[in-house]
4 protein chains.
Amino acid sequence: MKNKSVFIGVIGGGEVTPPVARLAEEVGREIARRGAALVCGGLGGVMEAACKGASEEGGLTIGILPGESRRAANPYVQIPIVTGIGYARNVAVVKSSQAVIAIDGSYGTLAEIGHALQSGIPVIGLGTWSISMDEKADNKIITAKDPPEAVEKAFSLIENQE
Amino acid sequence: MKNKSVFIGVIGGGEVTPPVARLAEEVGREIARRGAALVCGGLGGVMEAACKGASEEGGLTIGILPGESRRAANPYVQIPIVTGIGYARNVAVVKSSQAVIAIDGSYGTLAEIGHALQSGIPVIGLGTWSISMDEKADNKIITAKDPPEAVEKAFSLIENQE
Amino acid sequence: MKNKSVFIGVIGGGEVTPPVARLAEEVGREIARRGAALVCGGLGGVMEAACKGASEEGGLTIGILPGESRRAANPYVQIPIVTGIGYARNVAVVKSSQAVIAIDGSYGTLAEIGHALQSGIPVIGLGTWSISMDEKADNKIITAKDPPEAVEKAFSLIENQE
Amino acid sequence: MKNKSVFIGVIGGGEVTPPVARLAEEVGREIARRGAALVCGGLGGVMEAACKGASEEGGLTIGILPGESRRAANPYVQIPIVTGIGYARNVAVVKSSQAVIAIDGSYGTLAEIGHALQSGIPVIGLGTWSISMDEKADNKIITAKDPPEAVEKAFSLIENQE
């Protein structure tokens, strides 16, 4: 493994419908095909589907877990990080990523989107939250129409950062 | 001080315009008048204005700081909690509150709103973020037209929890 | 409450023998008598006994909790801080204190002693861990023979810091 | 990379003498030779020397960083985890390891030893802290005479856990 890997985060809910799971799996697959490592919260739902997709393409998967045990990781996590800090691990998930792809998701995903935008980490959305606040702040979530476009946008935003 | 105090959080940006500061100060004043303790992130902007208002009415102010030193607290914080955990302290700010009033705010406030809703803590908004995600999730932020209404709603939501 | 309060931490195990509980209670009482606020981890054992002592003398007690709910606080905690970050809250307990009194204790207490010494916060020990590492590092834990001496040393070390 | 990797933590000070650096490098080399992944705090000193040793043998190195940027990682970290939670990341370093080897070290290392023992994670010491508390608690740090013995003990303790 090279030192200069690209790390892309995938965030979304711990419970998913089959269409959302397919979307997440395809995002994971695409990240792996392009040689990036996948960072996520390590649990089920969107996280598990994305790790499954990445694993099938031989990619590296990192799961930053909230609890006290590596056993909580989904079976496709290769590198479990056991934080023991609960939801505060969401901050570590986004900060360990150079760009984040948000898929569907609930309030935890909204918190992660907030932390990412606060840290200047680009967020690409696939059917996720829409946020707004009068004239001051635009919806900074960059929308994508499908998984390949989401991953493509993540890569080009990371390149522009450097 | 009684054991059964009510704890109300005030969240919002570290930099504010004068009208937003007046709003936050009035929220702080109202919280103190009604005998609740004010919880916030302990820094400037909305946090400082709210603490100033609460202090003027003889209320108790708690500032949960991100950094390594109590010196970063605004001058109206009476109880500085020094976490050293950076933005992850946002989770502690909302979890230590029984209801949260969000005033204006930037992405950090959005993250706090996400954490609060994820934890089932009611969020009352005064000119803050608007969030939505298709049919599945409503904008769960309860809007208020002015500081007294925001504090009134916070109290009635806390009573209903118990 | 004045802005310039002194904050003294009390650390120790969540389970105690009656003699250790009496020691902790007396430490809490002495802290309150001298007008300082007591900071602790908010749970049982040494933490509860110290909060009980401080409360009996009309002192202020702050409990920085590891879990997700204020209900876990012992009944003598007046200000529960709900962090949700598990054992990592130990860092916040010591950093929120200007000096720390360690009573008895297990490995969690040892971790807190390490965090305190790392942050330059004085540690006074009452029957607690003894630590050493060859010639390089002395046992920096300041021993006290009884609760009044422990609290007296805490106050004089805090004054010297300023 | 297989899902069932062994993760061994190396903890120690951020500044080291040349003999301590050689010790840490040899520990890293031995961990990699035996096919385990190395977990550490990602910075300099013992952490950097251990990552250097592991890298030279083609091993995988994970650095769980305290700050806000992956740039703080030493050049031999392949997987930087950016936590942003400061010293509280020490908890994640030990919890992400199945056994921990403590080399030399200062107070941060002492805190990590406390967190590891509190979590039931075996600690093997090479010239590190000695801890004791009367009859109740033994020095639970298992001493090793050299790097190969330290790594050998780590592996056999991990096998016994399973």
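The values are calculated or read from the model by the stated rules, or taken from the named source; none is laboratory data. Worth saying up front: this structure is predicted, and the values here are computed from it rather than measured. So basically every Cβ, Gly included, is an ideal-geometry build from the backbone, and we count neighbours across all protein chains shown. Heavy atoms of the whole protein, side chains included, go into the accessibility calculation; ligands, DNA and RNA do not. Shrake-Rupley method; radii C 1.70, N 1.55, O 1.52, S 1.80 Å.
So here's what we get for this one:
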| item | result |
| --- | --- |
| Residue under evaluation B:Glu25, criteria (1) within 14 Å of chain A (Cβ to nearest Cβ); (2) touching a Gly at 6+ places or on another chain (Cβ under 6 Å); (3) among the charged types (D, E, K, R), criterion not met | (1) |
| Restricting the range C:87-102 to residues that are among the small types (Gly, Ala, Ser) and either more than 14 Å from chain D (Cβ to nearest Cβ) or more than 23 Å from D:Gly114 (Cβ to Cβ) (or both), the residue that is surrounded by the most Cβ atoms within 10 Å (Cβ to Cβ) | C:Ser97 |
| Cross-chain or 6+ apart pairs with Cβ under 8 Å, the range D:29-54 first and within 9 Å of D:Gly12 (Cβ to Cβ), then among the acidic types (Asp, Glu) | D:Gly45/D:Glu15; D:Val46/D:Asp104; D:Ala49/D:Glu25; D:Ala50/D:Glu25 |
| Selected residue (only one of D:Ala154, D:Ala111 is of a type in the set (A, V, I, L, M) and more than 8 Å from every other protein chain (Cβ to nearest Cβ)) | D:Ala154 |
| Residues satisfying the stated conditions in the range C:1-33, i.e. open to solvent by 20 Å² or more (accessible area, probe 1.4 Å) and touching a Lys or Arg at 6+ places or on another chain (Cβ under 7 Å) | C:Glu25 |
| Filter result for A:Val10 (closer than 19 Å to A:Ser106 by Cβ and touching a Cys at 6+ places or on another chain (Cβ under 6 Å)) | yes |
| From D:Val16, D:Val20, residue being in a loop (DSSP other than H, G, I, E, B) and closer than 15 Å to D:Leu126 by Cα | D:Val16 |
| For C:Gly84: the one exception among (1) part of a loop (DSSP other than H, G, I, E, B); (2) open to solvent by 10 Å² or more (accessible area, probe 1.4 Å) | (2) |
| Residue match in the range B:111-132 (condition: in contact (Cβ under 8 Å) with a residue 40 or more places away in the chain, of a type in the set (Gly, Ala, Ser), farther than 27 Å from C:Tyr87 by Cα and open to solvent by 20 Å² or more (accessible area, probe 1.4 Å)) | yes |
| Scan of the range A:34-79 for residues that are crowded, with 24+ Cβ neighbours inside 10 Å and either away from chain D (no Cβ under 12 Å) or part of a helix (DSSP H, G or I) (or both), ordered by number | A:Cys40, A:Gly41, A:Val46, A:Met47, A:Glu48, A:Ala49, A:Ala50, A:Cys51, A:Gly53, A:Ala54 |
| Residues located in the range A:118-132, provided they are assigned to a strand (DSSP E or B) and either touching a Gly at 6+ places or on another chain (Cβ under 6 Å) or under 11 Å from B:Ser132 (Cα atoms) (or both) | A:Ser130, A:Ile131, A:Ser132 |
| Residue match in the range A:93-103 (condition: assigned to a loop (DSSP other than H, G, I, E, B) and in contact with a Gly (Cβ under 6 Å, 6 or more places away or on another chain)) | yes |
| Matching entry among B:Glu159, B:Glu68 (being among the acidic types (Asp, Glu) and under 29 Å from D:Arg89 (Cα atoms)) | B:Glu68 |
